[in-house]
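Readers should treat all values here as calculations from the given coordinates under stated rules, not as data from a laboratory. Nothing here was measured: the structure is a model prediction, and the numbers come from that model. Positions of Cβ are generated from backbone atoms using ideal geometry, with glycine treated the same way; all protein chains shown enter the neighbour counts.
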Amino acid sequence: MTEWHSYEPANGHRLPHDPLNAIVAPRPIGWVSTMSADGVANLAPYSFFNLFNYAPPLIGFSSMGWKDSVANIEATGEFVWNLVSRDLGEAMNTTAANVAADVDEFALAKLEMAASNKVKPPRVAASRAQFECKLTQLIRLETKEGRELDQWLVLGEAVAIHIDPAMLEDGVYQTARANPILRGGGPADYFTITEDALFKMRRPG
């Protein structure tokens, strides 16, 4: 009989590191670029990120605390998601630094900007795919008792999508070709998606 390591989160996990984000992993990285109302570019990664709807395409990320990205999106209603590939991993990590609001993380990480078509925030030029987004909902998360958390869920509709054509084969996007990295658990764990990990399984008809 298995002796599970069971715990109630309210009472602590009794482990050296919280296992939650190692279990729900690996997760795509929300590398989000925004623009302040004063025109200062911001770029930051979020590991609580995903796609939530096809049509219209809705993506979202959650921020622990009212950070510059959230403040900028509330002020302007716009942001861009940029795909992080392995070669951009170190630059992405640089943009995670806790710096003043007037610091441009594009410059900090030595990243070239690309102009967006439908929104003001710039794209990461070296990223293999980018979604230009308009804010649809900004939600403050709550506990089961209704207590408000300093945790903010940002949802946006992708109004323009850019794909490096080298990532396409016969019109089909090749996920592993971009060598995307994803966040794991622990303080420093990341994973890549590679072609040798691929398997195919179709849904029942």
Does at least one position in region 16-35 carry a residue that is surrounded by fewer than 19 Cβ atoms within 10 Å (Cβ to Cβ), free of Cβ contacts under 8 Å to residues at least 12 places away in the same chain, in a loop (DSSP other than H, G, I, E, B) and among the small types (Gly, Ala, Ser)? no
Please verify whether region 138-156 includes one or more residues that are touching a strand residue (DSSP E or B) at 6+ places or on another chain (Cβ under 6 Å), closer than 19 Å to residue 67 by Cβ, of a type in the set (Lys, Arg) and loosely packed, with under 13 Cβ neighbours inside 10 Å. yes
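Filter region 161-205 down to residues that are touching a Ser or Thr at 6+ places or on another chain (Cβ under 7 Å) and surrounded by fewer than 17 Cβ atoms within 10 Å (Cβ to Cβ), then give me how many there are.
First, pick out the residues of region 161-205 that are touching a Ser or Thr at 6+ places or on another chain (Cβ under 7 Å): 176, 178-181, 183, 193.
Imposing the further condition that a residue be surrounded by fewer than 17 Cβ atoms within 10 Å (Cβ to Cβ) reduces the set to 176.
Final tally of qualifying residues: 1.
Can you confirm whether residue 80 is over 30 Å from residue 9 (Cα atoms) and assigned to a loop (DSSP other than H, G, I, E, B)? Lay out the reasoning, then the answer.
Details: over 30 Å from residue 9 (Cα atoms): yes; assigned to a loop (DSSP other than H, G, I, E, B): no.
Taking the combined requirement at face value, the residue does not satisfy it.
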Hey, which of the strands (runs of 3 or more DSSP E) in region 111-205, taking only ones fully inside, have at least 3 residues that are farther than 16 Å from residue 45 by Cβ? 129-142, 148-163
Every residue from region 46-81 that is surrounded by fewer than 21 Cβ atoms within 10 Å (Cβ to Cβ), over 24 Å from residue 148 (Cβ atoms) and within 10 Å of the chain's Cα centre (by Cα): 51
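For residue 91, state whether it is within 27 Å of residue 176 (Cβ to Cβ), part of a loop (DSSP other than H, G, I, E, B) and under 18 Å from the mean Cα position of the chain (by Cα). Break it down into steps so the answer makes sense when it comes.
Numbers: within 27 Å of residue 176 (Cβ to Cβ): yes; part of a loop (DSSP other than H, G, I, E, B): no; under 18 Å from the mean Cα position of the chain (by Cα): yes.
No.
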What are the residues in region 94-110 that are within 17 Å of the chain's Cα centre (by Cα) and part of a helix (DSSP H, G or I), if any? 94, 105, 106
